[in-house]
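The values are calculated or read from the model by the stated rules, or taken from the named source; none is laboratory data. Since we're looking at a predicted model, the values are computed, not measured. With ideal geometry, Cβ positions are generated from the backbone for all residues, glycine too; neighbour counts draw on all protein chains shown. Keep in mind that these areas ignore ligands, DNA and RNA; they rest on the heavy atoms of the full protein, side chains included. Shrake-Rupley method; radii C 1.70, N 1.55, O 1.52, S 1.80 Å.
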Amino acid sequence: MPSVFIKTYGCQMNERDSEAVAAQLIAKGYTLAPSEASADVILLNTCSVRDFAEQKAFHKMQNLAAEVRRRNSKVILGFMGCMAQSRGRQLVDQLPDVDLVIGTQKIHHTAEYLDRLLSGVRQPIVEVGTEDGSEAAIKDHILSGNSAEKSASAFVSIMQGCNQHCTFCIVPDTRGAERSRTIEDIVAECRQLVEKGVKEITLLGQIVTSFGKREIPVKEGKSGFVQLLEAVHAIDGLERIRFTAPHPKGYGDDLVAAYGQLPKLCESAHIPAQSGSDRILKLMHRGYTRARFIELIHKLRAQKPQMGITTDLIVGFPGETEEDFKETLSLVQEVEFDNAYIFKYSPRKDTPAAAMPDQLSEDAKEERHARLLTLVNETGMRHYQGLVGKTVEVLVEGPSRKNPARMAGRTRCNKIALFDPVPGQEGKLIELIVNRTGLFTLYCGKKSV
(Lines give C-alpha, C1' and ligand atoms only; values in the text may rest on other atoms or scores of the structure.)
Protein backbone atom coordinates (compact mmCIF):
# COMPACT_ATOMS: atom_id res chain seq x y z
CA MET A 1 0.00 0.00 0.00
CA PRO A 2 1.12 3.60 -0.53
CA SER A 3 3.02 5.56 2.09
CA VAL A 4 1.80 8.90 3.48
CA PHE A 5 3.66 11.84 4.99
CA ILE A 6 1.62 14.40 6.97
CA LYS A 7 3.07 17.78 7.98
CA THR A 8 1.09 19.75 10.57
CA TYR A 9 0.95 23.50 11.10
CA GLY A 10 -0.76 25.32 13.96
CA CYS A 11 -2.59 24.29 17.10
CA GLN A 12 -3.08 21.13 19.12
CA MET A 13 -6.43 20.61 17.42
CA ASN A 14 -4.54 20.28 14.14
CA GLU A 15 -2.06 17.88 15.75
CA ARG A 16 -4.96 15.77 16.94
CA ASP A 17 -6.64 15.85 13.51
CA SER A 18 -3.39 14.76 11.83
CA GLU A 19 -2.94 11.88 14.25
CA ALA A 20 -6.52 10.71 13.68
CA VAL A 21 -6.09 10.83 9.89
CA ALA A 22 -2.81 8.93 10.14
CA ALA A 23 -4.42 6.28 12.36
CA GLN A 24 -7.33 5.87 9.93
CA LEU A 25 -4.94 5.50 7.00
CA ILE A 26 -2.87 2.89 8.85
CA ALA A 27 -6.07 0.95 9.57
CA LYS A 28 -6.73 0.96 5.81
CA GLY A 29 -3.30 -0.50 5.09
CA TYR A 30 -1.34 2.67 4.34
CA THR A 31 2.09 3.17 5.88
CA LEU A 32 3.57 6.36 7.30
CA ALA A 33 6.57 7.64 5.37
CA PRO A 34 9.58 8.86 7.38
CA SER A 35 10.04 11.84 5.04
CA GLU A 36 8.52 13.67 2.12
CA ALA A 37 11.13 12.22 -0.23
CA SER A 38 9.90 8.64 0.22
CA ALA A 39 6.15 9.31 0.34
CA ASP A 40 3.53 8.44 -2.26
CA VAL A 41 1.11 10.92 -0.66
CA ILE A 42 2.04 14.24 1.02
CA LEU A 43 -0.60 16.07 3.05
CA LEU A 44 -0.20 19.49 4.66
CA ASN A 45 -2.57 20.07 7.58
CA THR A 46 -2.86 23.85 7.59
CA CYS A 47 -3.59 26.74 9.93
CA SER A 48 -5.31 30.07 9.15
CA VAL A 49 -5.02 31.89 12.47
CA ARG A 50 -2.21 34.08 11.12
CA ASP A 51 -1.16 35.00 7.62
CA PHE A 52 2.37 33.74 8.27
CA ALA A 53 1.08 30.20 8.88
CA GLU A 54 -0.90 30.25 5.63
CA GLN A 55 2.02 31.59 3.62
CA LYS A 56 4.36 29.00 5.12
CA ALA A 57 2.10 26.12 4.07
CA PHE A 58 1.42 27.62 0.64
CA HIS A 59 5.12 28.09 -0.14
CA LYS A 60 5.85 24.61 1.17
CA MET A 61 3.37 23.16 -1.30
CA GLN A 62 4.90 25.21 -4.12
CA ASN A 63 8.29 23.72 -3.32
CA LEU A 64 6.86 20.20 -3.10
CA ALA A 65 5.18 20.59 -6.47
CA ALA A 66 8.46 21.72 -8.02
CA GLU A 67 10.85 19.29 -6.33
CA VAL A 68 8.97 16.12 -5.41
CA ARG A 69 7.00 15.90 -8.64
CA ARG A 70 10.28 16.11 -10.53
CA ARG A 71 11.34 12.83 -8.89
CA ASN A 72 7.91 11.19 -8.80
CA SER A 73 5.20 12.45 -11.13
CA LYS A 74 2.61 10.21 -9.49
CA VAL A 75 2.94 11.56 -5.95
CA ILE A 76 -0.35 12.90 -4.56
CA LEU A 77 -0.28 16.38 -2.97
CA GLY A 78 -3.02 17.63 -0.68
CA PHE A 79 -4.08 20.35 1.75
CA MET A 80 -6.16 19.65 4.86
CA GLY A 81 -7.47 21.83 7.66
CA CYS A 82 -8.28 25.48 8.15
CA MET A 83 -6.59 27.02 5.11
CA ALA A 84 -8.15 24.31 2.97
CA GLN A 85 -11.54 25.19 4.44
CA SER A 86 -11.02 28.92 3.96
CA ARG A 87 -9.61 28.91 0.42
CA GLY A 88 -11.15 25.76 -1.05
CA ARG A 89 -10.91 25.50 -4.84
CA GLN A 90 -8.80 28.66 -4.96
CA LEU A 91 -5.85 26.50 -3.82
CA VAL A 92 -6.21 24.22 -6.85
CA ASP A 93 -6.56 27.22 -9.15
CA GLN A 94 -3.35 28.74 -7.76
CA LEU A 95 -1.46 25.45 -7.52
CA PRO A 96 -2.63 23.10 -10.31
CA ASP A 97 -0.39 20.31 -8.98
CA VAL A 98 -2.58 19.98 -5.89
CA ASP A 99 -4.81 16.89 -6.05
CA LEU A 100 -6.77 17.16 -2.81
CA VAL A 101 -8.26 19.94 -0.65
CA ILE A 102 -10.08 18.69 2.48
CA GLY A 103 -11.91 21.01 4.88
CA THR A 104 -12.12 20.72 8.65
CA GLN A 105 -15.38 18.76 8.70
CA LYS A 106 -14.34 16.26 6.02
CA ILE A 107 -10.87 15.11 7.10
CA HIS A 108 -12.16 11.79 8.43
CA HIS A 109 -12.93 10.91 4.78
CA THR A 110 -9.27 11.31 3.77
CA ALA A 111 -8.74 7.58 3.15
CA GLU A 112 -11.64 7.28 0.72
CA TYR A 113 -10.53 10.40 -1.20
CA LEU A 114 -7.00 9.00 -1.48
CA ASP A 115 -8.36 5.62 -2.61
CA ARG A 116 -10.21 7.43 -5.40
CA LEU A 117 -7.12 9.35 -6.51
CA LEU A 118 -4.87 6.30 -6.34
CA SER A 119 -7.29 4.30 -8.46
CA GLY A 120 -6.21 6.42 -11.40
CA VAL A 121 -8.84 9.18 -11.34
CA ARG A 122 -6.58 12.23 -11.01
CA GLN A 123 -9.23 14.92 -11.16
CA PRO A 124 -8.64 17.26 -8.17
CA ILE A 125 -10.96 16.62 -5.21
CA VAL A 126 -12.15 19.63 -3.20
CA GLU A 127 -14.36 18.86 -0.18
CA VAL A 128 -15.04 21.77 2.18
CA GLY A 129 -18.71 21.32 3.02
CA THR A 130 -20.26 20.94 6.46
CA GLU A 131 -21.14 17.54 7.87
CA ASP A 132 -23.43 16.70 10.77
CA GLY A 133 -21.69 14.58 13.39
CA SER A 134 -18.16 15.46 12.27
CA GLU A 135 -17.32 16.52 15.84
CA ALA A 136 -17.51 12.85 16.89
CA ALA A 137 -15.55 11.45 13.93
CA ILE A 138 -12.02 12.16 15.20
CA LYS A 139 -11.47 9.20 17.53
CA ASP A 140 -8.55 7.21 16.12
CA HIS A 141 -5.16 7.32 17.88
CA ILE A 142 -1.62 6.14 17.26
CA LEU A 143 -0.31 4.73 20.53
CA SER A 144 2.62 2.65 19.38
CA GLY A 145 5.83 3.18 17.49
CA ASN A 146 9.01 5.01 18.35
CA SER A 147 7.44 7.80 20.44
CA ALA A 148 6.91 6.89 24.08
CA GLU A 149 5.05 10.17 24.44
CA LYS A 150 2.17 8.74 22.46
CA SER A 151 1.59 6.03 25.07
CA ALA A 152 2.05 8.35 28.06
CA SER A 153 -0.34 11.09 27.01
CA ALA A 154 -3.06 11.68 24.44
CA PHE A 155 -5.27 14.45 23.07
CA VAL A 156 -9.03 13.93 22.96
CA SER A 157 -11.18 16.29 20.89
CA ILE A 158 -14.45 16.99 22.74
CA MET A 159 -16.02 19.55 20.40
CA GLN A 160 -15.58 21.48 17.18
CA GLY A 161 -16.21 25.07 16.21
CA CYS A 162 -16.46 28.43 17.94
CA ASN A 163 -19.29 30.90 18.58
CA GLN A 164 -17.17 33.66 20.13
CA HIS A 165 -16.50 35.68 16.93
CA CYS A 166 -13.55 37.73 18.18
CA THR A 167 -13.00 40.48 15.65
CA PHE A 168 -9.47 39.30 14.77
CA CYS A 169 -10.24 35.60 14.38
CA ILE A 170 -11.14 33.48 11.36
CA VAL A 171 -11.75 30.24 13.33
CA PRO A 172 -15.58 30.48 13.38
CA ASP A 173 -15.42 30.47 9.57
CA THR A 174 -12.89 27.65 9.25
CA ARG A 175 -14.18 25.41 12.05
CA GLY A 176 -17.87 26.31 12.03
CA ALA A 177 -20.29 26.75 14.92
CA GLU A 178 -19.81 24.98 18.24
CA ARG A 179 -20.77 21.31 18.23
CA SER A 180 -20.17 19.12 21.28
CA ARG A 181 -19.83 15.36 21.60
CA THR A 182 -21.69 13.49 24.32
CA ILE A 183 -20.04 12.88 27.69
CA GLU A 184 -20.57 9.13 27.26
CA ASP A 185 -18.80 9.08 23.89
CA ILE A 186 -15.82 11.06 25.23
CA VAL A 187 -15.49 8.91 28.35
CA ALA A 188 -15.55 5.74 26.24
CA GLU A 189 -12.67 7.08 24.10
CA CYS A 190 -10.70 8.11 27.20
CA ARG A 191 -11.26 4.74 28.84
CA GLN A 192 -9.94 2.94 25.76
CA LEU A 193 -6.83 5.11 25.81
CA VAL A 194 -6.20 4.39 29.48
CA GLU A 195 -6.60 0.66 28.85
CA LYS A 196 -3.78 1.01 26.29
CA GLY A 197 -1.46 2.66 28.81
CA VAL A 198 -2.23 6.38 28.55
CA LYS A 199 -1.68 8.19 31.86
CA GLU A 200 -2.57 11.76 30.89
CA ILE A 201 -5.39 13.06 28.71
CA THR A 202 -5.74 16.60 27.36
CA LEU A 203 -9.27 17.58 26.37
CA LEU A 204 -9.34 19.81 23.29
CA GLY A 205 -11.74 22.37 21.87
CA GLN A 206 -11.58 25.75 20.17
CA ILE A 207 -13.17 27.10 23.36
CA VAL A 208 -13.13 24.00 25.48
CA THR A 209 -15.02 25.62 28.38
CA SER A 210 -18.05 26.08 26.09
CA PHE A 211 -18.49 22.30 25.93
CA GLY A 212 -22.14 21.27 26.16
CA LYS A 213 -23.33 24.81 26.79
CA ARG A 214 -26.48 24.26 24.74
CA GLU A 215 -26.83 20.50 25.04
CA ILE A 216 -26.10 19.72 28.71
CA PRO A 217 -28.15 21.37 31.48
CA VAL A 218 -26.42 22.73 34.57
CA LYS A 219 -26.57 20.08 37.30
CA GLU A 220 -26.04 20.89 40.97
CA GLY A 221 -24.48 24.18 39.95
CA LYS A 222 -22.01 22.51 37.58
CA SER A 223 -21.67 23.29 33.89
CA GLY A 224 -21.53 20.64 31.21
CA PHE A 225 -17.76 21.01 31.04
CA VAL A 226 -17.29 20.41 34.78
CA GLN A 227 -19.63 17.42 34.53
CA LEU A 228 -17.35 16.07 31.79
CA LEU A 229 -14.25 16.64 33.94
CA GLU A 230 -15.86 14.67 36.77
CA ALA A 231 -16.80 11.81 34.44
CA VAL A 232 -13.27 11.58 32.98
CA HIS A 233 -11.79 11.89 36.48
CA ALA A 234 -13.68 8.75 37.52
CA ILE A 235 -11.80 6.55 35.00
CA ASP A 236 -9.65 4.04 36.85
CA GLY A 237 -5.99 4.15 35.86
CA LEU A 238 -6.02 7.72 34.54
CA GLU A 239 -3.48 9.85 36.41
CA ARG A 240 -3.77 13.34 34.92
CA ILE A 241 -6.30 15.57 33.14
CA ARG A 242 -5.56 18.78 31.25
CA PHE A 243 -7.62 20.90 28.86
CA THR A 244 -7.05 23.61 26.27
CA ALA A 245 -7.96 26.17 25.12
CA PRO A 246 -10.49 27.83 27.42
CA HIS A 247 -11.93 31.33 27.37
CA PRO A 248 -11.81 33.56 30.46
CA LYS A 249 -15.60 33.85 30.30
CA GLY A 250 -15.85 30.06 30.68
CA TYR A 251 -14.22 30.00 34.10
CA GLY A 252 -17.19 29.92 36.43
CA ASP A 253 -16.81 29.29 40.14
CA ASP A 254 -17.64 25.62 39.50
CA LEU A 255 -14.58 25.23 37.26
CA VAL A 256 -12.32 27.11 39.69
CA ALA A 257 -13.55 24.83 42.49
CA ALA A 258 -12.87 21.74 40.37
CA TYR A 259 -9.12 22.28 40.77
CA GLY A 260 -9.53 21.65 44.50
CA GLN A 261 -12.04 18.82 44.16
CA LEU A 262 -10.50 16.72 41.37
CA PRO A 263 -6.96 15.54 42.24
CA LYS A 264 -6.30 14.32 38.68
CA LEU A 265 -6.96 17.79 37.23
CA CYS A 266 -3.48 19.29 36.80
CA GLU A 267 -2.88 22.67 38.36
CA SER A 268 -2.08 24.40 35.10
CA ALA A 269 -4.20 26.75 33.05
CA HIS A 270 -3.63 28.34 29.65
CA ILE A 271 -5.99 31.34 29.64
CA PRO A 272 -5.72 33.71 26.64
CA ALA A 273 -5.76 37.33 27.80
CA GLN A 274 -4.91 38.83 24.36
CA SER A 275 -4.52 42.37 25.76
CA GLY A 276 -4.27 44.27 29.03
CA SER A 277 -6.24 47.24 27.72
CA ASP A 278 -10.00 47.37 28.26
CA ARG A 279 -10.37 49.52 25.16
CA ILE A 280 -8.60 46.96 22.99
CA LEU A 281 -10.43 44.03 24.63
CA LYS A 282 -13.71 45.69 23.69
CA LEU A 283 -12.54 46.21 20.09
CA MET A 284 -11.53 42.55 20.03
CA HIS A 285 -14.99 41.52 21.25
CA ARG A 286 -13.47 39.44 24.04
CA GLY A 287 -16.34 39.86 26.49
CA TYR A 288 -14.38 40.53 29.71
CA THR A 289 -12.39 43.33 31.28
CA ARG A 290 -8.85 43.47 32.59
CA ALA A 291 -10.22 43.52 36.15
CA ARG A 292 -12.32 40.40 35.50
CA PHE A 293 -9.30 38.59 34.11
CA ILE A 294 -7.13 39.48 37.11
CA GLU A 295 -9.92 38.46 39.49
CA LEU A 296 -10.00 35.04 37.81
CA ILE A 297 -6.24 34.61 38.24
CA HIS A 298 -6.53 35.48 41.93
CA LYS A 299 -9.30 32.88 42.36
CA LEU A 300 -7.25 30.17 40.69
CA ARG A 301 -4.15 30.90 42.75
CA ALA A 302 -6.23 30.99 45.91
CA GLN A 303 -7.47 27.51 45.02
CA LYS A 304 -4.00 26.23 43.99
CA PRO A 305 -1.11 28.57 44.91
CA GLN A 306 1.28 26.55 42.71
CA MET A 307 -0.96 26.92 39.64
CA GLY A 308 1.03 27.28 36.43
CA ILE A 309 -0.62 29.99 34.32
CA THR A 310 0.21 30.75 30.68
CA THR A 311 -1.55 33.00 28.19
CA ASP A 312 -1.79 34.34 24.63
CA LEU A 313 -1.10 38.02 23.91
CA ILE A 314 -1.54 40.01 20.69
CA VAL A 315 0.51 43.12 19.95
CA GLY A 316 -0.27 45.66 17.26
CA PHE A 317 -4.07 45.23 17.13
CA PRO A 318 -5.61 48.00 14.97
CA GLY A 319 -5.70 51.26 16.90
CA GLU A 320 -3.46 50.01 19.71
CA THR A 321 -1.73 53.07 21.15
CA GLU A 322 1.43 53.13 23.24
CA GLU A 323 -0.78 53.55 26.31
CA ASP A 324 -2.81 50.48 25.35
CA PHE A 325 0.40 48.51 24.91
CA LYS A 326 1.68 49.67 28.30
CA GLU A 327 -1.52 48.24 29.80
CA THR A 328 -0.51 44.85 28.39
CA LEU A 329 2.98 45.25 29.83
CA SER A 330 1.54 46.09 33.23
CA LEU A 331 -0.83 43.09 33.04
CA VAL A 332 2.18 40.81 32.57
CA GLN A 333 3.93 42.47 35.51
CA GLU A 334 0.87 42.14 37.73
CA VAL A 335 -0.10 38.57 36.85
CA GLU A 336 3.44 37.23 36.36
CA PHE A 337 2.54 34.51 33.88
CA ASP A 338 4.70 31.41 33.80
CA ASN A 339 4.95 31.90 30.05
CA ALA A 340 3.09 33.60 27.22
CA TYR A 341 2.67 33.06 23.49
CA ILE A 342 3.00 36.47 21.87
CA PHE A 343 1.62 37.14 18.40
CA LYS A 344 1.88 40.12 16.11
CA TYR A 345 -1.61 41.01 14.88
CA SER A 346 -2.25 39.60 11.41
CA PRO A 347 -5.28 40.72 9.35
CA ARG A 348 -7.46 37.78 8.39
CA LYS A 349 -9.82 37.68 5.43
CA ASP A 350 -13.37 38.97 6.10
CA THR A 351 -12.79 39.59 9.83
CA PRO A 352 -14.01 42.92 11.30
CA ALA A 353 -10.52 43.85 12.56
CA ALA A 354 -9.10 43.68 9.04
CA ALA A 355 -11.31 46.62 8.06
CA MET A 356 -10.64 48.69 11.20
CA PRO A 357 -8.80 52.02 10.85
CA ASP A 358 -5.35 52.75 12.27
CA GLN A 359 -3.64 49.53 11.21
CA LEU A 360 -0.14 49.47 12.71
CA SER A 361 3.07 49.11 10.73
CA GLU A 362 5.06 45.90 10.83
CA ASP A 363 7.95 47.80 12.41
CA ALA A 364 5.70 48.95 15.27
CA LYS A 365 4.42 45.43 15.81
CA GLU A 366 7.94 44.01 15.79
CA GLU A 367 9.19 46.57 18.32
CA ARG A 368 6.32 45.90 20.72
CA HIS A 369 6.69 42.16 20.28
CA ALA A 370 10.35 42.38 21.32
CA ARG A 371 9.61 44.51 24.41
CA LEU A 372 6.80 42.25 25.55
CA LEU A 373 8.82 39.08 24.96
CA THR A 374 11.67 40.42 27.11
CA LEU A 375 9.26 41.13 29.98
CA VAL A 376 7.53 37.75 29.70
CA ASN A 377 10.90 35.99 29.82
CA GLU A 378 11.91 37.96 32.92
CA THR A 379 8.70 37.37 34.85
CA GLY A 380 8.36 33.76 33.77
CA MET A 381 11.90 32.85 34.79
CA ARG A 382 11.14 33.88 38.38
CA HIS A 383 8.54 31.09 38.56
CA TYR A 384 11.01 28.57 37.20
CA GLN A 385 13.85 29.65 39.47
CA GLY A 386 11.50 29.39 42.44
CA LEU A 387 11.31 25.63 41.85
CA VAL A 388 15.05 25.02 42.29
CA GLY A 389 15.58 22.58 45.15
CA LYS A 390 11.94 21.48 45.16
CA THR A 391 10.41 18.10 44.35
CA VAL A 392 8.24 17.87 41.23
CA GLU A 393 6.12 15.04 39.83
CA VAL A 394 7.02 14.36 36.20
CA LEU A 395 5.26 12.22 33.60
CA VAL A 396 8.07 10.71 31.51
CA GLU A 397 7.28 11.20 27.82
CA GLY A 398 10.45 9.90 26.18
CA PRO A 399 13.86 11.07 24.93
CA SER A 400 14.35 14.81 24.56
CA ARG A 401 13.96 15.94 20.95
CA LYS A 402 16.98 18.23 21.20
CA ASN A 403 19.18 15.85 23.18
CA PRO A 404 18.15 12.18 22.96
CA ALA A 405 20.70 11.35 25.67
CA ARG A 406 18.31 12.97 28.16
CA MET A 407 14.72 12.08 29.00
CA ALA A 408 11.93 14.64 28.88
CA GLY A 409 8.63 14.97 30.69
CA ARG A 410 6.20 17.50 32.13
CA THR A 411 5.33 18.54 35.64
CA ARG A 412 1.74 18.89 36.79
CA CYS A 413 2.14 22.65 36.24
CA ASN A 414 3.06 21.88 32.60
CA LYS A 415 6.73 22.77 32.79
CA ILE A 416 9.20 20.80 30.66
CA ALA A 417 11.66 18.77 32.72
CA LEU A 418 14.89 17.18 31.43
CA PHE A 419 16.77 14.48 33.33
CA ASP A 420 19.14 11.52 32.96
CA PRO A 421 17.44 8.33 31.76
CA VAL A 422 16.71 5.31 33.89
CA PRO A 423 15.56 2.08 32.19
CA GLY A 424 11.82 1.52 32.35
CA GLN A 425 10.86 5.15 33.07
CA GLU A 426 8.89 5.78 29.88
CA GLY A 427 5.23 6.46 30.48
CA LYS A 428 5.58 6.55 34.26
CA LEU A 429 5.12 9.22 36.92
CA ILE A 430 8.29 9.87 38.88
CA GLU A 431 9.45 12.38 41.48
CA LEU A 432 12.53 14.48 40.74
CA ILE A 433 14.47 17.32 42.35
CA VAL A 434 14.91 20.52 40.34
CA ASN A 435 18.64 21.26 40.21
CA ARG A 436 18.66 24.28 37.91
CA THR A 437 16.63 26.05 35.24
CA GLY A 438 17.16 27.18 31.68
CA LEU A 439 14.85 29.32 29.57
CA PHE A 440 11.50 27.71 30.42
CA THR A 441 13.11 24.34 31.15
CA LEU A 442 13.74 22.49 34.42
CA TYR A 443 16.89 20.39 34.75
CA CYS A 444 16.23 17.68 37.30
CA GLY A 445 17.95 14.90 39.20
CA LYS A 446 16.86 11.82 41.09
CA LYS A 447 15.18 12.37 44.43
CA SER A 448 17.40 11.13 47.23
CA VAL A 449 15.99 8.26 49.29
For segment 430-439, Karplus couplings with θ = phi - 60° (6.51, -1.76, 1.60), whole Hz, Gly/Pro x: 10, 9, 10, 9, 7, 8, 7, 10, x, 6
Free-standing Cys residues across the chain, given no other cysteine C-beta under 4.7 angstrom: Cys11, Cys47, Cys82, Cys162, Cys190, Cys266, Cys413, Cys444
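Counting other Cβ atoms within 10 Å, keep those with at most 16, restrict to DSSP loop, and tell me which chymotrypsin sites (Phe, Trp or Tyr not before Pro) in segment 313-346 are left. Can you show the working numbers first?
Details: sites: Phe325, Phe337, Tyr341, Phe343, Tyr345; in loops: Phe337, Tyr345.
Passing both the DSSP loop test and the Cβ count: no residue.
May I ask which of Lys106/Lys428; Lys196/Lys390; Lys60/Lys199; Lys282/Lys365 have a Cα-Cα span longer than 29 Å here?
Details: Lys106/Lys428 36 Å; Lys196/Lys390 32 Å; Lys60/Lys199 36 Å; Lys282/Lys365 20 Å.
Flagged as over cut-off: Lys106/Lys428; Lys196/Lys390; Lys60/Lys199.
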Where labels lie 7 Å past Cα in the beta-carbon direction, separation of Lys196 and Thr130 in nm: 3.1
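Calculated FRET efficiency, Lys349 and Gln261, Cβ-Cβ r, R0 25 Å, to nearest 0.05?
Values: r = 43 Å, r/R0 = 1.73.
Between Lys349 and Gln261 the formula returns 0.05.
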Phi to ³J(HN,Hα) by Karplus 6.51 cos²θ - 1.76 cosθ + 1.60 over segment 182-195, Hz, x for Gly, Pro: 7, 4, 4, 5, 5, 4, 4, 5, 5, 5, 4, 5, 5, 4
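For the chain, what's the relative contact order in percent, using C-alpha pairs closer than 8 Å and at least 6 residues apart? It would help to have the intermediate numbers written out before the result.
Details: 869 pairs, mean separation 48.0, N = 449.
Reported as a whole number, the value is 11 percent.
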Loop sites in segment 73-113: trypsin sites (Lys or Arg not before Pro), DSSP, at most 14 other Cβ within 10 Å: Lys74
Per-pair calculated FRET efficiency, R0 = 25 Å: Ala234 and Val422 via Cβ, rounded to 0.05: 0.20
Phi-based couplings in Hz for segment 244-259 (Karplus 6.51, -1.76, 1.60; Gly and Pro marked x): 6, 9, x, 10, x, 5, x, 8, x, 4, 5, 6, 4, 5, 4, 5
Potential extension, Thr441-Lys28 segment - 0.36 nm per residue separation minus Cα distance: 144.7 nm
Selected from Pro2, Val92, Leu331, residue furthest toward positive end of dipole (the chain; charges at beta carbon): Pro2
Pair Lys74, Thr374: separation of 7 Å Cα→Cβ label points (nm): 5.8
Dipole of the chain, positive direction: furthest Cα of Pro246, Gly308, Pro352, with charges on the beta-carbon: Gly308
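Suppose only helical runs count, i.e. DSSP H with n ≥ 4. What mean residue ellipticity at 222 nm does that imply for the chain under -39500 (n - 2.57) per run, divided by all residues and rounded to the nearest 500 deg cm²/dmol?
Calculated from helices alone, the mean residue ellipticity at 222 nm is -10500 deg cm²/dmol.
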Among Val49, Leu439, Val75 - extreme Cα towards positive end, dipole of the chain, charges at beta-carbon: Leu439
For Phe243, residues with placed amide H under 5 Å, excluding near neighbours: Leu203
Surface per residue (accessible, 1.4 Å probe) for segment 263-306, Å²: 43
Near-label residues of segment 384-398 by backbone N, under 18 Å of a point 7 Å along Cα→Cβ of Glu431: 387-396
Only Lys, Arg (+1) and Asp, Glu (-1) charged, at Cβ; segment 16-96 dipole about Cα centre in debye: 160
Accessible area of Asp236 in the full protein assembly, 1.4 Å probe (Å², nearest 10): 140
Pairs from Lys219/Lys344; Lys222/Lys446; Lys249/Lys402; Lys139/Lys222; Lys249/Lys446 whose Cα-Cα separation, in the structure shown, is over 31 Å: Lys219/Lys344; Lys222/Lys446; Lys249/Lys402; Lys249/Lys446
Highest-fluctuation residue, Lys415, Lys390, Lys139 considered, GNM on the chain with Cα pairs under 10 Å: Lys390
Nitroxide proxy distance, nm - points 7 Å out along Cα→Cβ at Ala66 and Asp253: 6.2
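Report the FRET efficiency, 1/(1 + (r/R0)^6), for Arg279 and Met381, where r is their Cβ-Cβ distance and R0 is 45 Å, rounded to 0.05.
Details: r = 30 Å, r/R0 = 0.67.
The calculated FRET efficiency here is 0.90.
Just flag the GluC sites (Glu not before Pro) in segment 220-264 sitting in loop per DSSP whose Cβ has no more than 16 other Cβ atoms within 10 Å.
Details: sites: Glu220, Glu230, Glu239; in loops: Glu220, Glu239.
Listed in order of number, the matching sites are Glu220.
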Protein accessible area in the chain, 1.4 Å probe - carbon and sulfur %: 50
